[in-house]
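What follows is a set of notes on a single structure, which appears directly below.
The values are calculated or read from the model by the stated rules, or taken from the named source; none is laboratory data. What you see is a predicted model, and the numbers here were worked out from it, not measured in a lab. No Cβ is skipped: glycine too gets one built from the backbone with ideal geometry, and neighbour counts run over all protein chains shown.
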Amino acid sequence: MEIFGFSLLTLTIFLGTAFLLGLFALGQPFGIALLMGMGAELGCSAAILYSEKGIAAIPAVLALYLPKTAAVSAIALLAAREVLRNSSSLLRSMLGTADPPSFKSFCTRYAVLFAAALIISAVDSLVNYFFGGFLL
C-alpha cells in the first residue's frame with residue numbers, strides 16, 4: 001500500500017502542476033522544465049537502486065522498474081504535450097490570432113491522464129507485492 005501511495009502522490013503532484021501550467025499563456029518553458037524534472041527523478045531512482053544492489057539490481061530494474069518508468073514517461077510526455085498545446089492556444093487567443101481553447105476538453109484530457117496514473121500506481125503496487133521479494 002505504501003508503494004501505491006507514493007507512486008500516486010508523485011504522479012498527482014506532477015499532473016496537478018502540469019494542469020496549472022497549462023492554464024497560463026507562458027507556461028511552455030515551465031512545462032518542459034517539469035518534464036525534465038520527472039526524468040531526473042526517474043533516473044535518480046534507478047541510480048539509487050544500482051548503488052544499493054550493484055549489478056544484482058539488473059533483474060529488478062528490468063522486471064519492476066523499467067515497465068513502470070516507461071508508463072510514467074508516457075504519461076509525463078502526454079501531460080507536457082497538453083501544457084504546450086493549451087498554453088500556446090491561450091497565448092494565440094490573447095494575441096487575437098485564434099479562438100480560446102476549450103477548458104472542458106483540457107480538463108477531460110487530464111482526467112484521463114489521472115485515471116491512467118491511478119492504474120499505473122495500482123499495477124506497480126501489485127507487481128512489487130507479488131514479485132518484489134524475489135528480485136530485491
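Figures for the structure shown
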item: Residues (among the hydrophobic types (A, V, I, L, M, F, W, C) and over 17 Å from Ser87 (Cβ atoms)) located in region 29-53; result: Met38, Ala40, Leu42, Cys44, Ala46, Ala47, Ile48, Leu49
item: Every residue from region 117-136 that is under 16 Å from the mean Cα position of the chain (by Cα), small (Gly, Ala, Ser) and surrounded by fewer than 18 Cβ atoms within 10 Å (Cβ to Cβ); result: Ala122
item: Residue identified as under 17 Å from the mean Cα position of the chain (by Cα), under 18 Å from Leu8 (Cα atoms), in a helix (DSSP H, G or I) and without any contact (Cβ under 8 Å) to a residue 24 or more places away in the chain among Leu34, Leu66, Leu42; result: Leu66
item: Residue ID - farthest from Phe19 (Cα to Cα), chosen from residues in region 70-109 that are of a type in the set (Val, Ile, Thr) and surrounded by fewer than 18 Cβ atoms within 10 Å (Cβ to Cβ); result: Thr97
item: Total residues in region 80-106, condition farther than 18 Å from Phe30 by Cα and without any contact (Cβ under 8 Å) to a residue 40 or more places away in the chain; result: 12
item: Residue check for Ser87: under 18 Å from Gly5 (Cβ atoms) and either touching a Pro at 6+ places or on another chain (Cβ under 6 Å) or assigned to a helix (DSSP H, G or I) (or both); result: no
item: Check on Leu77, assigned to a helix (DSSP H, G or I) and modelled with pLDDT of 95 or more; result: yes
